[in-house]
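Below: the structure, in C-alpha cells.
We did not get these values from a lab; they are worked out from the coordinates using the rules stated. It should be emphasised that the depicted structure is a prediction, and the values quoted were computed from it without experimental measurement. Every residue, glycine among them, receives a Cβ derived from its backbone with ideal geometry; neighbour counts consider all protein chains shown.
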Amino acid sequence: MGSTPASRTSLRSALRCELRLGTPAFALRCAASYGSAHQPSLCAALRATARHASLRHWLHKRTEPHSNVSLETRRMQFFYVYILQSEKDPETFYVGFTEDLRSRLPAHNSGSVPHTAKSRPWRIKTAIAFTDRERALEFERYLKSASGRAFAKKRL
C-alpha cells in the first residue's frame, strides 16, 4: 500500500524532531527503513540530513567543551586588520588593528584617535578577520610597508 502525503509529512516532522533531539543515528535508520519505494527523493534527502546532523553532532562533541561556559564565552574571537579610506580625501588611507571593529570606526570618526582626526570622516575600505592575533599583527605591519601598500592599492 502506498503512503499518503500526511504520513510522509508526519515521518518528515518526526525525523526532524529526532535530529533536533540529537539522535541522528535513529533518524538515519528511520530514513533507511522508510525505503526508496515510497518516495526516492524524500528518502535520499532525509538520509543526507541525518548524515549532516550526525557529522554536526560529532564535530560539536570534539570542538565544544562540556562545561557551564556560556555561548558568548565559547564564541571564536577574531582579530581584525582594517583599511580606512578618508571620505574627505579619497587618496588618504589608514591601516589599523583591532579586536572590536564595530567600536573602532566610531572612535576614528569622533576624533579620539589623533593620527586619523585630521582626515575624518572615514569609511572601512577593507577588513580582514584573523583567528590568530600574531598573524593579524604581522599582516598589519606588512600592509604598512612599501610593498604592503602597493599590494593593498592593487588587490584590496
Open item on the list: Going through R120, R141, R135 one at a time, which residue ends up being surrounded by 12 or more Cβ atoms within 10 Å (Cβ to Cβ), basic (K, R) and closer than 18 Å to S103 by Cβ?
Closed with: R120
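Just give me the residues in segment 98-133 being in contact (Cβ under 8 Å) with a residue 40 or more places away in the chain and among the hydrophobic types (A, V, I, L, M, F, W, C), in sequence order. Outline the logic, then answer.
Looking only at segment 98-133, we keep the residues that are in contact (Cβ under 8 Å) with a residue 40 or more places away in the chain, and these are 124-133.
Matches in segment 98-133: I124, A127, I128, A129, F130.
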Task: Residue count, segment 134-147 (criterion: free of Cβ contacts under 8 Å to residues at least 24 places away in the same chain and over 24 Å from the mean Cα position of the chain (by Cα)) - done: 5
Open item on the list: Just the residues that are in contact with a strand residue (DSSP E or B) (Cβ under 6 Å, 6 or more places away or on another chain) and assigned to a loop (DSSP other than H, G, I, E, B), please, taken from segment 74-86.
Closed with: F78
